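Structure record follows, encoded as structure tokens.
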Amino acid sequence: MTAASSGPAFSTTVEALRLREWLLGPGQATLVMDQFSADDFHVVVDDRADVHINSKDGRFYLGWFPLGRPGTDGEGWKIAITGTAKVRGYQMSFDTETPAGVVAAAVARVLETSQRV
């Protein structure tokens with residue numbers, strides 16, 4: 001199939017575009033939550049039904065805000081790692097519509113980088 005243009009542009013085929021289907025929609029938050037054990041993390045569900053997970057050492061934080069984090073524009077997930085006296089920490093945020101599988105992959109990678117001292 002060729003897509004013809006009506007002016008000075010280009011033409012291509014659907015095959016050449018390599019169209020894909022992309023994972024969309026929030027999915028199941030359990031893909032993220034199931035990565036945390038009670039041995040290493042505290043879990044709190046607040047009165048808005050937002051979920052907050054902290055590492056027992058206090059340096060890791062994950063927040064899940066199904067209806068959006070208050071004071072933000074649709075932030076659904078927040079991951080923050082507190083730094084040390086010598087190295088700054090970092091944080092990342094995901095929209096409420098970010099697929100939980102994408103967030104789960106990011107969380108898994110962060111957890112892989114942690115080490116007990």
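One residue alone among Phe41, Phe65 is of a type in the set (Phe, Trp, Tyr), at pLDDT 95 or above and over 26 Å from Gln115 (Cα atoms), and that residue is Phe65.
In the set Arg20, Arg59, only one residue is among the basic types (Lys, Arg) and modelled with pLDDT under 95; that residue is Arg20. Counting only residues that are in a strand (DSSP E or B), among the aliphatic types (A, V, I, L, M) and free of Cβ contacts under 8 Å to residues at least 24 places away in the same chain, the range 34-85 holds 6 of them.
The values are calculated or read from the model by the stated rules, or taken from the named source; none is laboratory data. Being a predicted model, the structure only gives us computed values, none of them experimental. Because the Cβ atoms are built from the backbone with ideal geometry, glycine has one as well, and the counts that use them run over all protein chains shown.
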